[in-house]
Amino acid sequence: MTAYSHRYLSSYKRIPVDAKLQWRRISLASRCRCCRAPTTETREHLFLYGEVAAQVWGAIEVWFPNLPRWNVANTDLEKRIKFWHRWLCRTDKPHASSIIPCLVLWTIRSERNGQIHRGALFTAEIVLNQVTQHLQRLTTAGKLGKKQWKGCTIPETISTSAWREKARKQIKLISWVPPDANWIKLNIDGQWSEAGSGARGILRDKDANLLRCFKTNISATSPLDGELQAISLGLDMAGERGQRIWLEVGRLETVDLLGAKNHGAANLRHRISEVRNKLKSIRCKISYIQKEGNKVAKCLALQGSRETSCIYFDQHTAPALIKAMMRMDQLGLPNVLLYRSERD
Ligand SMILES: [Zn+2]
C-alpha cells in the first residue's frame, strides 16, 4: 500500500486538470467544479485549496493528532505531499496514515471526473463519504486493524466492531480459604440432571480438618432446587457442631436468592423458606466459589453407590481420594481454572 501511495503521490503531475490542458495549448475556458464562484482549475486548486479540497483536508487533519499545523498560505502541492509523507508515512508497515492522503487525492480526482462526465455532484461531503466508505471496507476486512490505526483518531463514521480480537487463554488460580477460628465452613454441591440428581456437603474447621461430609441422591426439579436441598441437608449435618457457619455454594444465583427479601419462584418457595428458617437460628455468612475451588464437594459425587439414603463420612471413614484432595486444600494448593478472555 505504501508503494502504491508513493507512486500515486508522484504521478499527480500528469493529471489533466484544465490548466494542464491549457499549457498543452488545448483551447479551453477553465472553470473549476469545486467552488461556488468557479476559478481556473490548477492541480493545487483541485487537490489543495479549492473549496472541496480545503474542506476535505480540514476534516481529515482531525484524524491525525500528531500532524503539525500546515501553513495554509503555502499552496505548493509538491511541498504539501512531501510534508504528508514526512509526517504520516513513517512506518514501513501499511498504516492508515499512509493510505489516507493517497485515497483523498484519488477520490477528489474521480469525483471531479464524475462531475464532468456524468454531471454528478462534487462536494466535500461526497468525497469524505467515499473516503470513509473505502476505509470502512478495509477496516471490516481486517486490512486496517488496531495496529494500522495506531496514533490516529478513528473517525466516528468508521465502525471498528468487526475487529474480533482472538480470545486468549487465561489461567486463574482458585484456592479454598479456611474459615476463621470459631467458625466452620460448609461447602455445598447440588447437582441436577435428567439421569439423576445429587447433593453433597463437606464441613471443615479452621485448619481444614474434615468434621463431617455427606452425599446422597435426591429428587430435584432444577439445579437451584438441587443446591437448596443440599444446603438444607448440609445445615442439618452442621447443626450440632456450631453456631457460626460459613456456607459456600457453587451458584451465584443461590447466594443472591438467600440474601434477597422476596420468596423467589413459586415452585421453590417451600425450599427457600426451609433453608431460611434453618439459617435464622445460626450466625451464617454465604459466599460463592467457582467449581474448581469446590472440588472436594464435587468429588464426593464419584464416591459410593446409587443408594437413595444419605451417606456420611468423617476423617477416618472418608475415601482416600477425598482425603487427598482435602490435603491439597489444607496445604493451600490452588486449583487451576482455564478460561478465555478478550484482549485489552
Ligand atoms: Zn474550485
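The values are calculated or read from the model by the stated rules, or taken from the named source; none is laboratory data. Note that the structure is a prediction, hence the values are computed from the model and not measured. Because the Cβ atoms are built from the backbone with ideal geometry, glycine has one as well, and the counts that use them run over all protein chains shown.
The figures follow:
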read-out	value
Looking only at region 43-62, and only at residues there that are surrounded by fewer than 19 Cβ atoms within 10 Å (Cβ to Cβ) and under 38 Å from the mean Cα position of the chain (by Cα), the one that is nearest to the ligand (Cβ to nearest atom)	GLN55
Test: residue in region 93-103 that is surrounded by fewer than 16 Cβ atoms within 10 Å (Cβ to Cβ) and out of contact with any Phe, Trp or Tyr (no Cβ under 8 Å at 6 or more places or on another chain)	yes
Region 262-298: number of residues that are among the small types (Gly, Ala, Ser) and in contact with a Cys (Cβ under 9 Å, 6 or more places away or on another chain)	1
Count of residues meeting criterion [among the hydroxyl-bearing types (Ser, Thr, Tyr) and either in a loop (DSSP other than H, G, I, E, B) or in contact with a Leu (Cβ under 6 Å, 6 or more places away or on another chain) (or both)] in region 105-144	1
Which numbered condition PHE313 misses (of (1) touching a strand residue (DSSP E or B) at 6+ places or on another chain (Cβ under 8 Å); (2) surrounded by 11 or more Cβ atoms within 10 Å (Cβ to Cβ); (3) at pLDDT below 85)	(3)
Residue match in region 218-232 (condition: farther than 30 Å from ARG327 by Cα and modelled with pLDDT of 90 or more)	yes
Failed item in (1) in contact with a Pro (Cβ under 6 Å, 6 or more places away or on another chain); (2) surrounded by 19 or more Cβ atoms within 10 Å (Cβ to Cβ), with LEU173 passing the rest	(2)
Long-range neighbours under 7 Å by Cβ, at least six apart or interchain, first residue outside any helix (DSSP H, G or I) within region 57-85, second at pLDDT below 75	PHE64/LEU88; LEU67/TRP87; LEU67/LEU88; PRO68/TRP87
Verdict on LEU203 being in contact with a Lys or Arg (Cβ under 8 Å, 6 or more places away or on another chain) and either outside any strand (DSSP E or B) or touching a residue at least 40 places away in the same chain (Cβ under 8 Å) (or both)	no
When residues of region 63-82 are limited to those that are away from the ligand (no atom under 16 Å from the Cβ) and among the aliphatic types (A, V, I, L, M), the one modelled with the lowest pLDDT	ALA73
Cross-chain or 6+ apart pairs with Cβ under 7 Å, region 300-315 first and within 13 Å of ASN217 (Cβ to Cβ), then at pLDDT 85 or above and small (Gly, Ala, Ser)	ALA301/GLY198
Members of region 290-303 that are more than 12 Å from ILE202 (Cβ to Cβ) and either modelled with pLDDT under 80 or not acidic (Asp, Glu) (or both)	GLN290, LYS291, GLY293, LEU302
Residues of region 184-200 that turn out to be part of a loop (DSSP other than H, G, I, E, B) and within 21 Å of ARG327 (Cβ to Cβ), as a count	0
